[in-house]
1. Restricting to strands (runs of 3 or more DSSP E) lying wholly in the range 122-207: which have 1 or more residues that are among the acidic types (Asp, Glu)?
2. Restricting to the range 37-71, name every residue that is part of a strand (DSSP E or B) and within 26 Å of residue 101 (Cβ to Cβ).
3. I want to confirm something. Restricting to the range 75-100 and keeping residues that are away from the ligand (no atom under 16 Å from the Cβ) and assigned to a strand (DSSP E or B), which single residue is nearest to residue 12 (Cα to Cα)?
4. Can you tell me which residues in the range 36-54 are closer than 9 Å to residue 10 by Cβ and open to solvent by 80 Å² or more (accessible area, probe 1.4 Å)?
5. Does residue 64 fit the bill of being surrounded by fewer than 20 Cβ atoms within 10 Å (Cβ to Cβ) and either at pLDDT 95 or above or within 15 Å of the ligand (Cβ to nearest atom) (or both)?
6. Being among the β-branched types (Val, Ile, Thr) and in contact with a Lys or Arg (Cβ under 8 Å, 6 or more places away or on another chain) is the filter here; which residues of the range 270-301 pass it?
7. Give the residues of the range 258-304 that are basic (Lys, Arg) and in a loop (DSSP other than H, G, I, E, B), sorted by residue number.
8. What pairs come up if the first residue lies in the range 102-129 and is closer than 30 Å to residue 210 by Cβ and surrounded by 24 or more Cβ atoms within 10 Å (Cβ to Cβ), the second is of a type in the set (D, E, K, R) and at pLDDT 90 or above, and their beta carbons are under 6 Å apart, counting only those six or more places apart or on different chains?
Amino acid sequence: MTDPRILVLGTGGTIAGRAASSTGKAYAAGEVPLDTMLGEIRALGLEAELLPKAVARIGSQDIGWTEWDALHREITVAQDDTGVDGIIVTHGTDTAEETAYLLDLTLAAGKPVVLVGAMRPADAVGSDGMRNFANAVRVAGDPNAAGRGVMVVMGDTVFAAADVRKAATASVDAFRGFPRGPLARVTPSSLDWFAPPHRTAQPPRFAWPEALPRVAILTAGAGMDSKPVEALLGIGCKGIVIAGMGQGNAPRVVLDALEAAVDAGVPVVRSSRVDEGMVDRNVEVDDDARGFVAARALGPAKARILLMVLIANGVTDPAAIQAAFDQP
Ligand code: GLU
């Protein structure tokens with residue numbers, strides 16, 4: 001059997017980070033060129049042919065439309081290229097869940113697409129980058145990884161894009177899956193899937209748009225007033241995600257201002273500032289009367305991505321938006 005051919009799209013992040021000292025705290029993301037990283041990976045003797053292409057060299061807090069558009073284009077071309085078996089995107093961990101979910105919503109569930117990052121810079125003591133990368137190579141090169149949508153590999157765990165989130169700021173096991181747990185366990189020499197592919201040959205859920213609209217996340221806090229909502233409308237937000245308390249709650253004056261936004265044609269999605277759990281319709285907030293959408297299992301960051309994609313595709317009716325959130 002020939003080795004799988006894997007396109008590696010580099011964007012930067014800590015996996016390509018360099019520190020002033022290997023025991024210090026300070027470092028810069030995206031410093032190590034993709035070719036240097038691939039040289040180290042090749043030296044591990046993995047059974048894969050790696051085809052590098054640099055898209056960016058940034059910390060993922062700076063990622064946005066330009067890089068997303070480039071990634072979507074490159075992966076779409078690679079999906080049709082018989083010379084490519086799988087795709088890896090090296091990515092900062094801060095926004096890995098957003099990029100992964102955006103691509104997951106807008107790509108066919110064909111060849112494996114795997115985002116991989118690291119929590120420690122490449123030259124730090126106990127760096128996790130090379131291990132995570134080697135794990136990603138194993139996943140992207142596995143024919144059984146196809147038909148699962150976009151995945152994120154962190155540590156020895158494989159997550160689906162819709163489920164994954166960064167749940168800790170600095171520990172190496174920072175990623176969690178909700179509401180579903182991991183899809184698989186992986187090491188550089190083993191890969192165990194917990195279920196068969198669930199999205200085989202599915203077309204993209206949404207068309208790739210010309211641009212993404214301005215959608216803001218507003219975090220609710222005790223004692224806040226309606227002014228932040230009015231400010232967001234004042235700068236032309238096309239949608240608002242409220243990161244609410246508990247099950248997506250907010251002070252009554254804030255809910256009233258958000259209801260006015262809905263009446264003005266700006267969709268409002270209620271998510272939670274709490275780390276984990278569902279936000280369901282009509283619990284303490286009367287979504288039916290106010291015209292809000294409940295984010296269900298999606299946290300604020302991913303709720304914003306889905307709302308942007310929906311609005312860009314012309315979906316602005318609350319019932320139609322709710323239907324999309326009911327099937328993340
Ligand atoms: N903030 C940077 C980023 O997301 C570094 C964090 C990381 O990659 O873990 O790219």
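1. So the answer is 190-193.
2. Within the range 37-71, 50, 51, 52, 53, 54, 55, 56, 57, 58 qualify.
3. The selected residue is 87.
4. Residue satisfying the conditions is 53 alone.
5. Yes, satisfied.
6. 279, 285, 293
7. 273, 281, listed by residue number.
8. These pairs meet every condition: 105/205.
The values are calculated or read from the model by the stated rules, or taken from the named source; none is laboratory data. Owing to the predicted nature of the structure, the values given are computational and were not obtained by experimental measurement. Cβ coordinates were reconstructed from backbone atoms using ideal geometry, including for glycine residues, and neighbour counts include every protein chain displayed. The accessibility values were calculated without ligands, DNA or RNA, using every heavy atom of the protein model including side chains. Shrake-Rupley method; radii C 1.70, N 1.55, O 1.52, S 1.80 Å.
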